[in-house]
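The structure under discussion appears below in the form of structure tokens.
The values are calculated or read from the model by the stated rules, or taken from the named source; none is laboratory data. Source: prediction; values computed, not measured. Glycine also receives a Cβ, built like all others from the backbone with ideal geometry; neighbour counts cover every protein chain displayed. What goes into the accessible areas is simple: the full protein's heavy atoms, side chains included, and nothing from ligands, DNA or RNA. Shrake-Rupley method; radii C 1.70, N 1.55, O 1.52, S 1.80 Å.
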Amino acid sequence: MVSRRTKAVAQLGIAVLTALWMVSMRRLLRSSDDESHEPTPLSPGGLAVGGAWGVGQVWAYDRDCWKVRSNRRRGLVVSLVGLAVERRLLPRTESFTYSLGFGRVLGVVVYRAWYGLLRPLPGGD
């Protein structure tokens, strides 16, 4: 069985690679000669909401809030509710949506670097 810390470090690695990929794609689009492929502008609100969302998700998972870690069915329901909230309540502009995803990844990177790499994971096993 894989330990929670190993999973957290793997999640950090995946989030870092995802963030690097997103940044490299933005640089590639910016350096291209085709003006129709400009990168999507970043929305500060989208970055903030996404960062808080990413931190909140891993925070709730680590502490097993609402039993999202120990009960797969409940974790799935919470994920679906989060998806519905995202689709219904948040702006659907391209800039906000992209920034939301990028902010979410950055939120996971920051949280996992602090809890999982530098400090022990909160919550019980």
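Return one number: the angle in degrees, 0 to 90 and rounded to the nearest 10, between the long axis of the Cα atoms of helix 44-62 and the longest principal axis of the Cα atoms of the chain.
Approximately 20 degrees, to the nearest ten.
For the chain, what is the relative contact order in percent, using Cα pairs closer than 8 Å and at least 6 residues apart in sequence?
44
Report the net charge of residues surrounding Gly75, where surrounding means a beta-carbon distance below 11 angstrom and charges are Lys +1, Arg +1, Asp -1, Glu -1.
With Lys, Arg at +1 and Asp, Glu at -1, the neighbours total +4.
Just to confirm the number: angle between the C-alpha axis of helix 4-31 and the first principal axis of the chain, 0 to 90 degrees, nearest 10?
Its long axis makes an angle of about 0 degrees.
Quick check: the angle from helix 94-114's long axis to the longest principal axis of the chain, C-alpha only, nearest 10 degrees?
Taking the Cα atoms of the chain, the angle to 94-114 is about 40 degrees.
Hey, any idea what % of the chain's accessible area is carbon plus sulfur with a 1.4 Å probe?
Here carbon and sulfur together make up 64 percent of the probe-accessible area.
Might you tell me the accessible area per residue for the chain, computed with a 1.4 Å probe and given in Å²?
About 68 Å² of surface per residue is accessible.
What does the extension gain come out to for Asn71 and Ala113, with contour length at 0.36 nm per residue minus their alpha carbon separation?
Fully extending the segment from Asn71 to Ala113 adds 12.6 nm.
Which order do Arg27, Arg87, Arg4 take by accessible area at a 1.4 Å probe, largest first?
Arg27, Arg87, Arg4
Sort 16-23, 35-42 by packing, meaning the average of other beta carbons within 10 Å per residue, with the highest value first.
The most tightly packed comes first, giving 16-23, 35-42.
By its C-alpha gyration tensor, with a ≥ b ≥ c as the square roots of the eigenvalues, how is the chain shaped: rounded for a/c under 1.5, else prolate for a/b larger than b/c, else oblate?
Oblate.
Once you list every other residue whose beta carbon is under 12 Å from the beta carbon of Glu86, what net charge do they have if Lys and Arg are +1 and Asp and Glu are -1?
So the environment of Glu86 carries a net charge of +4.
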